[in-house]
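Below is one structure, written out as structure tokens; comments come after it.
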Amino acid sequence: MKKTLIILSIGALLVACNKKAEQKTDPAKDPVAIGNTTATEKSSGGANSFDINSIPVSTAEVGDLPFFSFPKGLESQNKPVQRSYDMLFFPLNSVMTPIEGKVWKTYVVNEKSNTEEWSLPYFLKSYDDAITKVGGVKIFDGKVSQQELDRIKDDAKYFGEEGSIDYWNEPVKVYVIRRTNGDDIYIQLYGNTSTGGIQILQKAPFKQTISILKSDEIKKELDAKGKAVLHINFDTDKASLQPDGKTAVDEITKVLKNDSNLKLAINGYTDNSGNDVHNLQLSKDRATAVLNAITTSGIDKARLSAEGFGSKNPIADNNSEQGKAQNRRVELVKK
């Protein structure tokens, strides 16, 4: 009888333990576990998890770039960099993300007449308060990984110029002011024991200012300078002509047809994005594509040559997107 009771007791105990185990391993019956899991997913994020739509829209009047004055007692160390169109990287969810638009950036120091020592908390708090008062939201506060910096180093040619952020040694604070019409304002700043840096970008689309030279303009340039510079549009990172690029080639063909003695060297150039070997080959392929397009119109190939020079001999500053657009070109040189 005692043995029977012991066996029954052990069996009841095992059943009870199994039920408790089932309750602990069944998330459908554990609302606490569900809540914790959801919270973790929201906070962990991912490479593409930043969503501007999650930021409240600000309708505050902010004026024009750079939108904010310097805090009292502080000033720009040198002349600020201001461009109507450029690209800057911002750490969004720890991922360095390129954003394009109007740019203003500078280093900030004590005014010469300021007798107080530099205060980093004063610099950071002044901007934090001003930005959040007009509806700005802090979206990043910390250090960018070396892996991210290595990943973008070939594309961030502006690193080192006035107002650059010292991502390698200091944490950075990033804010966004979301605007109704999409011209959102991104701000990042950092500081150390003697100075601070701030970059402000307002999103804006690229506006093409380069026009296609007509045949008479190309002829005039060739006669006056011995060469003509054309900005012929190709597909991105390819040697295939876009429709308006074909139109530009048609204008070159007209010049050659009107002057049967004219011989041209077609020289291709790129900006400095990417590596030199790739750019050299791309520029040569594009020059060859122009040559082939001209010969299909009946021009003798013997009158033409094609060569690529990659990013050599830039005609504009590669530190800005506008400058890069100028450097992506085809030069026609009289032979």
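Structure summary
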| item | result |
| --- | --- |
| Residues (assigned to a helix (DSSP H, G or I) and not acidic (Asp, Glu)) located in segment 113-128 | Leu120, Pro121, Tyr122, Phe123, Leu124, Lys125, Ser126, Tyr127 |
| Given (1) closer than 15 Å to His231 by Cα; (2) touching a residue at least 12 places away in the same chain (Cβ under 8 Å), index of the condition Ile299 fails | (1) |
| Residues of segment 67-103 satisfying the condition of being open to solvent by less than 30 Å² (accessible area, probe 1.4 Å) and either more than 21 Å from Asn192 (Cβ to Cβ) or without any contact (Cβ under 8 Å) to a residue 40 or more places away in the chain (or both) | Ser76, Tyr85, Asp86, Met87, Leu92, Ile99, Gly101, Val103 |
| Any hit, segment 257-267, residues being open to solvent by less than 20 Å² (accessible area, probe 1.4 Å), among the small types (Gly, Ala, Ser) and either on the phi > 0 side of the Ramachandran plot or touching a residue at least 24 places away in the same chain (Cβ under 8 Å) (or both) | yes |
| Residue check for Gly274: surrounded by 14 or more Cβ atoms within 10 Å (Cβ to Cβ) and not aromatic (Phe, Trp, Tyr) | yes |
| Qualifying positions in segment 305-325 - in contact with a helix residue (DSSP H, G or I) (Cβ under 8 Å, 6 or more places away or on another chain) and among the small types (Gly, Ala, Ser) | Ser305, Ala306, Gly308, Gly310, Ser311, Ala316 |
| Asn53 in contact (Cβ under 8 Å) with a residue 40 or more places away in the chain and either open to solvent by 40 Å² or more (accessible area, probe 1.4 Å) or in a strand (DSSP E or B) (or both) | no |
| Check on Asn48, within 27 Å of the chain's Cα centre (by Cα), at pLDDT below 95, surrounded by 10 or more Cβ atoms within 10 Å (Cβ to Cβ) and within 29 Å of Leu149 (Cα to Cα) | yes |
| Single residue of segment 59-85 satisfying the filter (farther than 24 Å from Gly135 by Cβ and assigned to a strand (DSSP E or B)) that is nearest to the chain's Cα centre (by Cα) | Tyr85 |
| Residue, least open to solvent (accessible area, probe 1.4 Å), within segment 106-149, restricted to residues that are of a type outside the set (A, V, I, L, M) and touching a Phe, Trp or Tyr at 6+ places or on another chain (Cβ under 6 Å) | Gly136 |
| In segment 199-231, the residues that are under 14 Å from Gly245 (Cα atoms) and of a type in the set (Lys, Arg) | Lys214 |
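The values are calculated or read from the model by the stated rules, or taken from the named source; none is laboratory data. Just so you know, these numbers come straight off a predicted model, no measurement behind them. Neighbour counts are summed over all protein chains in view; Cβ atoms, including those assigned to glycine, are modelled from backbone coordinates with ideal geometry. Just the protein is used for accessible areas: all its heavy atoms, side chains included, with ligands, DNA and RNA removed. Shrake-Rupley method; radii C 1.70, N 1.55, O 1.52, S 1.80 Å.
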